[in-house]
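In what follows, a structure is listed as structure tokens, so that the remarks can point back to it.
Read the figures in this text as sums done on the coordinates, not as results from a lab. Quick caveat, the model's predicted, so the values are computed rather than measured. Every residue, glycine as well, gets a Cβ built from its backbone with ideal geometry; the counts of neighbours run over all protein chains shown.
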Amino acid sequence: MKSVDLNAVKRAAAVALLCTLMSCASPPHLLLPDEEVWNRTELTSLLAAQPLAAGDNIRTSVLGRTESLSYHLVQIRDRERPHLHASHDASVTLMRGSGELYIAGQPHAMSVGDVAVIRRGTPHYFVNSGNEPAVAFAAFVPPYDGTDVVPVD
């Protein structure tokens with residue numbers, strides 16, 4: 001009679017349970033202000049309303065702004081070109097996908113939930129490592145108007 005490694009069975013059961021729980025997890029939500037009301041919006045709804053077209057590499061959608069900051073949904077199919085923002089600080093939270101964020105020439109692995117703060121004047125770009133577009137929530141201070149992109153080599 002063959003003996004059974006109970007620890008191996010327990011580990012396999014734990015992995016199976018974890019996989020089941022992860023598949024049941026709800027998609028991320030964003031709490032976005034609309035006048036005096038806060039709307040809880042599923043990421044999948046935002047993406048459905050603002051899809052990345054089949055031939056496009058990047059889509060940036062303005063979600064809102066206040067007097068002091070703006071916030072955006074950024075979808076990246078492949079990679080950004082290296083650039084900097086001369087007069088804007090940015091905070092970026094990866095909400096879907098994975099990849100590497102290069103900041104001042106240094107690669108940083110990014111996965112869902114990771115946050116990066118990028119100071120104005122700092123060269124940076126993101127390279128998607130997945131098969132689907134990566135999605136990030138980006139906040140800019142002061143509010144970003146889309147014109148402060150300086151290409152770098």
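So if R0 is 35 Å, what FRET efficiency would Val37 and Ser91 give, r being the distance between their Cβ atoms, rounded to the nearest 0.05?
Between Val37 and Ser91 the formula returns 0.90.
Within segment 62-153, which GluC sites (Glu not before Pro) sit in a loop by DSSP and count at most 14 neighbouring Cβ atoms inside 10 Å?
Here the GluC sites (Glu not before Pro) that fit, given the DSSP loop and packing criteria, are Glu67.
So who's got an amide H within less than 5 Å of the one on Tyr144, skipping anything under 5 residues away but keeping other chains? H placed 1.01 Å off N, in plane.
Here Ser70 satisfy the definition.
Subtracting the Cα-Cα distance from 0.36 nm times the residue separation, let me have the gained length for Val149 to His83 in nm, one decimal.
Roughly 23.1 nm would be gained on extension.
For segment 29-151, how big is the tail of P(r) above 24 Å, as a whole percent of Cα pairs?
Result for the distance tail: 23 percent.
Starting from 0.36 nm per residue, how many nanometres of slack lie between Thr60 and Ala48 once their C-alpha separation is accounted for?
2.9 nm
Note down the relative contact order for segment 29-151 as a percent, whole number, built from C-alpha pairs under 8 angstrom at least six residues apart.
With pairs under 8 Å counted, the relative contact order is 29 percent.
Explain nothing, just the number: relative contact order of segment 48-92, from Cα pairs under 8 Å at least 6 residues apart, as a whole percent.
30 percent
What ranking, highest mean first, results for peptides 92-98, 147-153 when packing means the other Cβ atoms within 10 Å averaged over each residue?
Output ranking for 92-98, 147-153: 92-98, 147-153.
Can you put Phe126, Phe137 in order, fewest other beta carbons within 10 Å first?
Ordered from fewest to most neighbouring Cβ atoms within 10 Å, Phe126, Phe137 come out as Phe137, Phe126.
To make sure I understand, if each residue's beta carbon is the centre and we count other beta carbons within 10 Å, what order do Ser26, Ser70 fall in, fewest to most?
Neighbour counts put them in this order, fewest first: Ser26, Ser70.
Along Cα→Cβ, 7 Å out, is where each label goes; now give me the distance between the ones at Val127 and His29 in nm to one decimal.
Going from the Val127 label point to the His29 one covers 3.7 nm.
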